[in-house]
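Asks: The following block contains the structure, expressed as structure tokens.
The values are calculated or read from the model by the stated rules, or taken from the named source; none is laboratory data. For clarity, every value in this text was computed on a predicted model and none was experimentally measured. So basically every Cβ, Gly included, is an ideal-geometry build from the backbone, and we count neighbours across all protein chains shown. The area values use the complete protein model at the heavy-atom level, side chains included, leaving out ligands, DNA and RNA. Shrake-Rupley method; radii C 1.70, N 1.55, O 1.52, S 1.80 Å.
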Amino acid sequence: MATGSPVDKLAETLSFYPPIIYSTPIQIATVPTVATLFYVAFFNPSAVDFAGDSAETLVQVLQYTATAIGAIHLASGAGAAYVATEKDLPVAPAVAKNLLIGFPAFLEILLDA
């Protein structure tokens, strides 16, 4: 990897994240958390009926949040493909992990690999 490459600059920019943010326990916890959010937002909105009159607004916020997280996962997967290519790492596993986990997995490949 050439010094001053875009990957090096991005790694330097994001180096303030401590390793705990992209550690294995955080990555493992991300999957069920995001899955629960998607389930409540799109498949079982009645789960937020406890909110009373504001339940409809809460469902909309959950749907917007779930959509934004989905977009982050896609962007993270694309970024992981670029970083893996630049670092001569296998691209498919990096992209798959990033599509499943998202930003913490991207930080791992960018800052550790």
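Asks: Using a 1.4 Å probe, what is the accessible area per residue for the chain, in Å²?
Replies: It amounts to 60 Å² per residue over the chain.
Asks: Please report the carbon-and-sulfur percent of the accessible area for the range 1-99; probe 1.4 Å, protein heavy atoms only, DNA, RNA and ligands left out.
Replies: The value for the range 1-99 is 69 percent carbon and sulfur by accessible area.
Asks: Provide, for q = 0.19 Å⁻¹, the log10 of I(q)/I(0) from a solvent-free Debye sum over equal Cα point scatterers in the range 1-88.
Replies: Treating every Cα as an identical point scatterer, log10 I(q)/I(0) equals -0.96.
Asks: Okay, moving on. Output the 0 to 90 degree angle, nearest 10, between the alpha-carbon long axis of helix 91-101 and the longest principal axis computed from the alpha carbons of the chain.
Replies: The helix 91-101 is inclined about 30 degrees to the chain.
Asks: Add +1 for every Lys or Arg and -1 for every Asp or Glu among the other residues with Cβ under 15 Å from the Cβ of residue 40, and state the total. Intermediate results must be reported in sequence, preceding the final value.
Replies: Working: positive: none; negative: 49, 56.
Result for the local shell: -2.
Asks: With the crude spin-label approximation of a point 7 Å out along Cα→Cβ, what separation in nm comes out for residue 86 versus residue 47?
Replies: With each label placed 7 Å out from Cα toward Cβ, I get 3.7 nm.
Asks: Another question about this same structure. Could you order 101, 20 by accessible surface area, starting with the largest, using a probe radius of 1.4 Å?
Replies: 20, 101
Asks: Got the relative contact order for the chain handy, in percent, Cα pairs under 8 Å and 6 or more residues apart?
Replies: 31 percent
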